[in-house]
Amino acid sequence: MNTIPSPERLPTKRLPTKRLHVITWGCQMNVYDSARMTDVLRPLGYRPADTPEEADMVILNTCHIRDRAAEKVFSELGRLRVIKQARAAEGRPTVLAVAGCVAQAEGREILRRAPFVDIVLGPQTYHRLPEMVARAARAGGVVIDTDFPPEQKFDFLPDAAGPQLPGGVTAFLTVQEGCDKFCSFCVVPYTRGAEASRPAASVLAEARRMVQGGVREITLLGQNVNAYHGDGPDGRTWGLARLMHALADIPGLLRLRYTTSHPRDVDDALIAAHRDLPQLMPFLHLPVQSGSDRMLRLMNRGHTADDYRRLVERLRAARPDLAFSSDFIVGHPGETDADFAATMALVEEVGFAQAFSFSYSPRPGTPAAAAADRVPPPASDERLQRLQALIRTQQDRTNASSVGQAMPVLFTGRGRRPGQLSGRSPFLQAVHACAPETLIGTVAMVKIEAMLTNSLTATLIDPTALPDPIPLPERACA
Ligand code: SAH
Ligand code: SF4
Ligand code: F3S
């Protein structure tokens, strides 16, 4: 297990500076992973490059969740091949690596169709990247690593030292990875492997380091983040709520969020955390996929539409201002007009602050892809349009109801206009306000003045940063 060279033990001196360009597609976990791959290559002398033309190494971090994922990868690889050839003609070699979920699912096909790729690596092998780079350089040949290794990558990757973007105030932190739920439509259990949680101490250490680097808001990540069950420093198994209580004790960590959660894994302790933790923001992404029990069964989701409604009620009782977001799939094999009507009814009832909705896309190797009763694309498209229109109305209503309200905003950076800062409301709305740059990285009270298509404008009520933590608003008893 310890044969893998730890990045700290790799020689750091006398290495010429090389440049690394990472292209990231897909979910937040890919954003986090791209940052970790950058970290693990730093001891080898790699520093970030803005464009692939300037880069000695390019990593394409891919996503396989929907649509023509593989085709998109091959088209991008075609573009990178031209760049690689142009650099080679100037005597500047380029290491080209394909990472992420397409690499995991279609590694061999990538090497067959794009033999100019040097390294193909799956999401569980990123800690082995330095070794792969060395092997590719030595052999001048192709390296493929899409195993699910027995060791956990997090035991070997260096912790994130700071924010994922220079000057970043918000950051992602993966605490759980993989999925054992095998929803009928989903490729993730096959690309990310079995569910695994990081030990709490390692999460806490990484969070502390991020906060020292200027991060003020951490979003805990996992494919099913609330299935988290990591080893606690007290020898017990910690759930997500316990972990968030410990994170909330870190001075300077003003805000916590988590995503993506699964309705089946919302436990009493997590609901209570929404009541008790002022750092935990009142916004929850809780995908339901469909409002029809028949579809939920076919999708293997393991809960009913009423289970979801009850959960929303209990969470709202614990934190009345909690805003919900969700994911929906329309046109899953077997979906009828009546099933879709049940989805629309659920959306009407719950009322979402925002939501993502997708047309079902068959994923190779998943049970639904083999189903005969496909929904014809015109019907699926029509349903998607109706659902998206309803969601848009609800999102606009949520944003409109914010106008005139005072709320604490975490300022994350400069806005587009001179003198303006951009930030985030507790409900994950983008907010712009004229404010001094000294407020970047702090939370201050603003009054929301107007709503634009995807953001809010505001005026600063008080130019002083709020204390940490901000007390919870008045609430009903849970
Ligand atoms: N673990 C999360 C979802 C991760 S995938 C959960 O269980 O909710 C993110 C979203 O992509 C899913 O919620 C689903 O809405 C969508 N999705 C996944 N597979 C899909 C497919 N084959 N076709 C269309 N949408 C899909
Ligand atoms: Fe995919 Fe279902 Fe797992 Fe979510 S819970 S990652 S949708 S298999
Ligand atoms: Fe895509 Fe893999 Fe994330 S398929 S959504 S990058 S887990």
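The values are calculated or read from the model by the stated rules, or taken from the named source; none is laboratory data. Note that the coordinates shown come from a computational prediction; the quantities given were computed from them, not determined experimentally. Please note: Cβ atoms are built from the backbone with ideal geometry, for glycine as well, and neighbour counts cover all protein chains shown. Each accessible area value is taken on the protein alone, full model and side chains, heavy atoms only, with ligands, DNA and RNA left out. Shrake-Rupley method; radii C 1.70, N 1.55, O 1.52, S 1.80 Å.
Has the range 241-263 got any residue that is closer than 28 Å to residue 103 by Cβ, within 16 Å of ligand 3 (Cβ to nearest atom) and without any contact (Cβ under 8 Å) to a residue 12 or more places away in the chain?
No, there is no match, as no residue in the range 241-263 is closer than 28 Å to residue 103 by Cβ, within 16 Å of ligand 3 (Cβ to nearest atom) and without any contact (Cβ under 8 Å) to a residue 12 or more places away in the chain.
Specify which of the listed residues (182, 172) is open to solvent by 60 Å² or more (accessible area, probe 1.4 Å) and among the aromatic types (Phe, Trp, Tyr).
Exactly one residue qualifies, and that residue is 182.
Might you let me know whether the range 33-54 holds any residue that is within 16 Å of ligand 3 (Cβ to nearest atom) and farther than 17 Å from residue 122 by Cα?
no
Name the residue, out of 357, 422, that is surrounded by 15 or more Cβ atoms within 10 Å (Cβ to Cβ) and closer than 30 Å to residue 210 by Cα.
The match here is 422.
Which condition from (1) within 16 Å of ligand 2 (Cβ to nearest atom); (2) in contact (Cβ under 8 Å) with a residue 40 or more places away in the chain; (3) open to solvent by 30 Å² or more (accessible area, probe 1.4 Å) is the one that residue 297 breaks?
Looking at each condition in turn, residue 297 falls short on (2).
May I ask you to verify whether residue 363 is touching a strand residue (DSSP E or B) at 6+ places or on another chain (Cβ under 9 Å) and basic (Lys, Arg)?
Here the answer is no, as residue 363 does not meet what is asked.
What do you reckon, is residue 453 open to solvent by 50 Å² or more (accessible area, probe 1.4 Å), of a type in the set (S, T, N, Q) and assigned to a loop (DSSP other than H, G, I, E, B)?
yes
May I ask you to list the residues in the range 261-276 that are within 22 Å of residue 208 (Cα to Cα) and open to solvent by 10 Å² or more (accessible area, probe 1.4 Å)?
Selection gives 276 alone.
Every residue in the range 425-440 that is closer than 19 Å to residue 451 by Cβ and open to solvent by 50 Å² or more (accessible area, probe 1.4 Å), please.
Correct list: 428, 434.
Can you tell me which residue within the range 11-29, out of those that are assigned to a strand (DSSP E or B) and modelled with pLDDT of 95 or more, is most open to solvent (accessible area, probe 1.4 Å)?
Applying the filter and picking the extreme gives 19.
Pick from the range 58-71 the residues that are in contact (Cβ under 8 Å) with a residue 24 or more places away in the chain and within 15 Å of ligand 1 (Cβ to nearest atom): which of them is surrounded by the most Cβ atoms within 10 Å (Cβ to Cβ)?
This residue is 62.
Among the candidates 403, 330, 409, 431, single out the residue that is within 30 Å of residue 181 (Cα to Cα) and among the aliphatic types (A, V, I, L, M).
Answer to the selection: 330.
Return the residues of the range 90-108 that are open to solvent by 60 Å² or more (accessible area, probe 1.4 Å) and over 18 Å from residue 18 (Cα atoms); say none if nothing qualifies.
Of everything in the range 90-108, just one residue is open to solvent by 60 Å² or more (accessible area, probe 1.4 Å) and over 18 Å from residue 18 (Cα atoms), namely 108.
Could you grab me the full set of residues in the range 230-269 that are away from ligand 1 (no atom under 16 Å from the Cβ), of a type outside the set (A, V, I, L, M) and closer than 26 Å to residue 26 by Cβ?
Answer for the range 230-269, where residues must be away from ligand 1 (no atom under 16 Å from the Cβ), of a type outside the set (A, V, I, L, M) and closer than 26 Å to residue 26 by Cβ: 230, 255.
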